[in-house]
Amino acid sequence: MKTIGLIGGLSWESTAAYYHYINTFIKEELGGLHSAKCLLYSFDFEEIVELQHRGEWEKATQHMINAAKTLENGGADVIVICTNTMHKMAEEIEEAVSIPLLHIADATALEIQNHGLNTVGLLGTNFTMEQDFYKEHLSEFGIDVIIPDKKDRDLIHKVIYEELCKGVIKEESRKEYIKVIERLYLAGAQGIILGCTEIPLLIKQAHIHIPLFDTTLIHADAAVKFVLEK
């Protein structure tokens, strides 16, 4: 079994979900008392959030590169960034290390294709929804992306940082998210990417009538498949 290098703490709430999924999938595949070989570099998320909201992406990128190098030097065989937003600097990280990086948008795009869909709605932080780094990655797979309007984007972003990253789950926020998803569906979305790894803490497939793509689960599954490849 290869060793997974997890860049986490972005936030730790979703990193915990990654750890749970990865070890669950390993146990399902190998049985017995098997669990994943993994290394975790966990950030103090407050420091990263401050850089994000000040637009200091170069500093944030250097922090991410340092984390990836630390994991590589520690014996990791692959890098998994446990968040969507910080894939903004995925290319820079790939160039800085000699081990592969499993891109969350690649894994998600393949899952969307497996469902036969080509137009999806994207929920995430404002950085993920409004900037091009994520949408362009999906477009390489022939997938068109619809994002919410400005008011809805701000709502999605606020709930992520002020509630979900703190482990706070509110029914009223779930209802507002569902309304946003319904508007995306009416705008032509065939499915919805939960493009922030905290959103699946709030929204489950049982809440929605169209396909949801849980990027945390999808990414964790891709990591397990990678490390078990012979």
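Checked against (1) without any contact (Cβ under 8 Å) to a residue 40 or more places away in the chain; (2) more than 27 Å from TYR41 (Cα to Cα); (3) small (Gly, Ala, Ser), GLY121 passes all but condition (1). Residues of segment 85-130 that are open to solvent by 50 Å² or more (accessible area, probe 1.4 Å) and not in a helix (DSSP H, G or I): SER98, PRO100, HIS115, GLY116, ASN118. Does TYR177 qualify as being surrounded by fewer than 19 Cβ atoms within 10 Å (Cβ to Cβ) and either in contact (Cβ under 8 Å) with a residue 24 or more places away in the chain or in a loop (DSSP other than H, G, I, E, B) (or both)? Judged against the criteria, TYR177 is not a match.
Residues of segment 1-11 that are at pLDDT 95 or above and surrounded by fewer than 20 Cβ atoms within 10 Å (Cβ to Cβ): LYS2, THR3.
Going through GLU91, GLU72 one at a time, which residue ends up being of a type outside the set (Val, Ile, Thr) and over 21 Å from VAL224 (Cα atoms)? Checking each option against the conditions leaves just GLU91. Summed over segment 180-230, the residues that are under 20 Å from TYR21 (Cα atoms) and assigned to a helix (DSSP H, G or I) give a count of 19. Among the numbered conditions (1) surrounded by 22 or more Cβ atoms within 10 Å (Cβ to Cβ); (2) within 15 Å of ASN126 (Cα to Cα); (3) of a type in the set (Val, Ile, Thr), the only one that ILE81 does not meet is (2). Residues in segment 12-50 that are open to solvent by less than 90 Å² (accessible area, probe 1.4 Å), within 19 Å of the chain's Cα centre (by Cα) and of a type outside the set (Ser, Thr, Tyr): 13 in all.
The values are calculated or read from the model by the stated rules, or taken from the named source; none is laboratory data. Source: prediction; values computed, not measured. Positions of Cβ are backbone-derived with ideal geometry, glycine not excepted, and every protein chain shown enters the neighbour counts. The protein model used for the area step is the full one, side chains on, heavy atoms only, and it has no ligands, DNA or RNA in it. Shrake-Rupley method; radii C 1.70, N 1.55, O 1.52, S 1.80 Å.
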